[in-house]
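The structure appears right after this line, and notes come after that.
The values are calculated or read from the model by the stated rules, or taken from the named source; none is laboratory data. Being a predicted model, the structure only gives us computed values, none of them experimental. Please note: Cβ atoms are built from the backbone with ideal geometry, for glycine as well, and neighbour counts cover all protein chains shown.
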Amino acid sequence: MKENKVPIAMICDRNFIMQTKVAIASLKKNKNIDTVYDVFVILVDGNEEDARNFKVISSEDCYITARYISVEKYSHIKQIAHVPLASLVKFDLCELIPEYDKILYLDGDIIVREDLCELYDFDLNDAYVAGVPHSIGIITGEKKINGGILLFNAKKIRDEHLQKVFIKTRESLGERKSMDQETFHMVFGDKKIFLPPKYNVMIDKVDYEKKYYSVKSYNEFYGTEYKTRKEIVKTAAIIHFTGSIKPWKYDFAKCGKEWVSNYKNIYGDDTKLLLKDKKTYYKEQIEKNGLRCVYWMMKDKILQVIGDVFHIFLDRSYGQWN
C-alpha cells in the first residue's frame, strides 16, 4: 500500500495545549487509512511536561514531534489585540522543520473533517505560499490570505532567507492588531496561490457577514457555487473557530457539538467542559463593554436579517485588514 505522508506544523503555548490536541484528534479521526501525518508541535516557551501531553497521543500514522522556541526575540513587538505573540513563530517554521521542502501549517483552533493529502498536494510551482483569502476581500476587492491554514514552500523560503525579511517587515509595521498576516501579504507579494474556501471556513464570519454580502457575492469572489451559507459550513474540510465564541468556552458556539465530540475522543466522556450559556455571554459583554454593546449586538442582528432576506447591505463598518 502506498503511503501518503503529510508534514504538519502547529504552534502551541501552554494555554493552548488542550485545543491543539483536539485539532490533532480530528486529524486522526478523518484521515485516509494510507495517510501518515508527521506533526510538529512547536511549543512556545514550553518544557518536557508540555511535550508529554502530545507524546501520549502520538501514533505510527500520526506521529507527533515536539520542538521548542522562545518568543523573547519578538518581545519588543507590541500585542494590541487578542492575537497572541506566539503567532509570530510562523516566521520561523521553515527553519524549525528543515526535513521537508513543503509544510502545511494549521492553527490549533480548528477541526479537520477530511484527509489533507489533496490540500498538501497543491502544486506551489514558484509560489511561496497557498492559503484561503479572507472574506473581507468580498468587500474590499483585494485578496489577502488568512494566516490560519497555510501551505508553505519551505525550501524556497529557506533558500531566499525570508525569515529575517519577515521580522524586519513586521517591525516596520509598528503597533497593529495583526501579528503575521499583513507581513506575509507584503513579503510574498503576488507569489501566492489562493485555495478553495472549504480549507478554511471561518465559522464566526459565515452568519455575521450576512450584513455585508450575499452568497452570490461569496461565490463570485471564491469561484464557488454554494447555494446557501449552511452549505458552506456543511461541506467545509476545515472549520476554523475564529472570533470570540469558542466551543471550549460556550455551549452555543457554531459547530460546537462537533468540536466537543473530538474533545471527548481525547479526554473521554467523563471529563466535563464547563461551558457557559448565551445568557452568561451577554452578561460578560455588558460587564466588559457597558450597555452600549446591547445596541450594537441588536443592530448587527437586524442588519444580518436585512442582508440575508432582502439582499440590502447597509453596513460598511468592516474595519481595516489588520
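So which of 224, 228, 271, 235 is more than 28 Å from residue 184 (Cβ to Cβ), touching a Phe, Trp or Tyr at 6+ places or on another chain (Cβ under 9 Å), without any contact (Cβ under 8 Å) to a residue 60 or more places away in the chain and polar (S, T, N, Q)? Of the residues listed, the single one that is more than 28 Å from residue 184 (Cβ to Cβ), touching a Phe, Trp or Tyr at 6+ places or on another chain (Cβ under 9 Å), without any contact (Cβ under 8 Å) to a residue 60 or more places away in the chain and polar (S, T, N, Q) is 271. Can you pull out every residue in region 84-127 that is of a type in the set (Val, Ile, Thr) and closer than 27 Å to residue 167 by Cβ? If the condition is that a residue be of a type in the set (Val, Ile, Thr) and closer than 27 Å to residue 167 by Cβ, then 89, 97, 103, 110 are the ones that fit. Which one is nearest to the chain's Cα centre (by Cα) among residues in region 5-35 that are surrounded by fewer than 18 Cβ atoms within 10 Å (Cβ to Cβ) and more than 21 Å from residue 261 (Cβ to Cβ)? Per the criteria, the residue is 15.
Please find, among 143, 205, 164, 210, the residue that is assigned to a helix (DSSP H, G or I) and surrounded by fewer than 19 Cβ atoms within 10 Å (Cβ to Cβ).
One residue alone meets the criteria, 164.
Among the residues of region 84-139, the ones that are of a type outside the set (A, V, I, L, M, F, W, C) and within 15 Å of the chain's Cα centre (by Cα) come to 12 in all.
Results for (1) of a type outside the set (A, V, I, L, M); (2) touching a residue at least 40 places away in the same chain (Cβ under 8 Å); (3) outside any loop (DSSP other than H, G, I, E, B); (4) surrounded by 13 or more Cβ atoms within 10 Å (Cβ to Cβ), shown as yes or no for each residue.
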site	(1), (2), (3), (4)
247	yes, no, no, yes
259	yes, yes, yes, yes
282	yes, no, yes, yes
293	yes, no, yes, yes
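Going by the conditions given, is residue 77 within 23 Å of residue 95 (Cβ to Cβ), in contact (Cβ under 8 Å) with a residue 40 or more places away in the chain and buried (at least 20 other Cβ atoms within 10 Å of the Cβ)? In short, no.
Criterion first (in contact (Cβ under 8 Å) with a residue 60 or more places away in the chain, assigned to a loop (DSSP other than H, G, I, E, B), out of contact with any Cys (no Cβ under 9 Å at 6 or more places or on another chain) and of a type outside the set (Asp, Glu)) does residue 242 satisfy it? Taking the combined requirement at face value, the residue satisfies it. Only residues that are modelled with pLDDT under 95, touching an Asp or Glu at 6+ places or on another chain (Cβ under 7 Å) and within 19 Å of residue 69 (Cα to Cα) were counted in region 1-40, giving 2. The single condition among (1) without any contact (Cβ under 8 Å) to a residue 40 or more places away in the chain; (2) under 22 Å from residue 220 (Cβ atoms) that residue 169 does not satisfy is (2). Checked across region 174-186, the condition of being outside any helix (DSSP H, G or I), touching a strand residue (DSSP E or B) at 6+ places or on another chain (Cβ under 7 Å), under 26 Å from residue 127 (Cβ atoms) and not basic (Lys, Arg) holds for at least one residue.
The residues in region 109-141 that are small (Gly, Ala, Ser) and under 24 Å from residue 155 (Cα atoms) can be counted, and the count is 3.
Return yes when residue 225 is surrounded by fewer than 16 Cβ atoms within 10 Å (Cβ to Cβ) and either among the polar types (S, T, N, Q) or in a loop (DSSP other than H, G, I, E, B) (or both) and no when it is not. The answer is yes for residue 225. Considering 45, 61, 38, the condition of being surrounded by 13 or more Cβ atoms within 10 Å (Cβ to Cβ), under 14 Å from residue 106 (Cα atoms) and among the acidic types (Asp, Glu) is satisfied by 38 alone. Within region 118-140, the set of residues being of a type in the set (A, V, I, L, M) and assigned to a helix (DSSP H, G or I) comprises 119, 138, 139. Considering (1) surrounded by 16 or more Cβ atoms within 10 Å (Cβ to Cβ); (2) more than 27 Å from residue 197 (Cα to Cα), say which one residue 151 fails and leave the rest. Among (1) surrounded by 16 or more Cβ atoms within 10 Å (Cβ to Cβ); (2) more than 27 Å from residue 197 (Cα to Cα), the lone unmet condition for residue 151 is (2).
Check residue 86 against each of (1) over 18 Å from residue 178 (Cβ atoms); (2) touching a strand residue (DSSP E or B) at 6+ places or on another chain (Cβ under 8 Å); (3) touching a residue at least 12 places away in the same chain (Cβ under 8 Å); (4) not hydroxyl-bearing (Ser, Thr, Tyr) and name the one condition it does not meet. Result: residue 86 passes all but (1).
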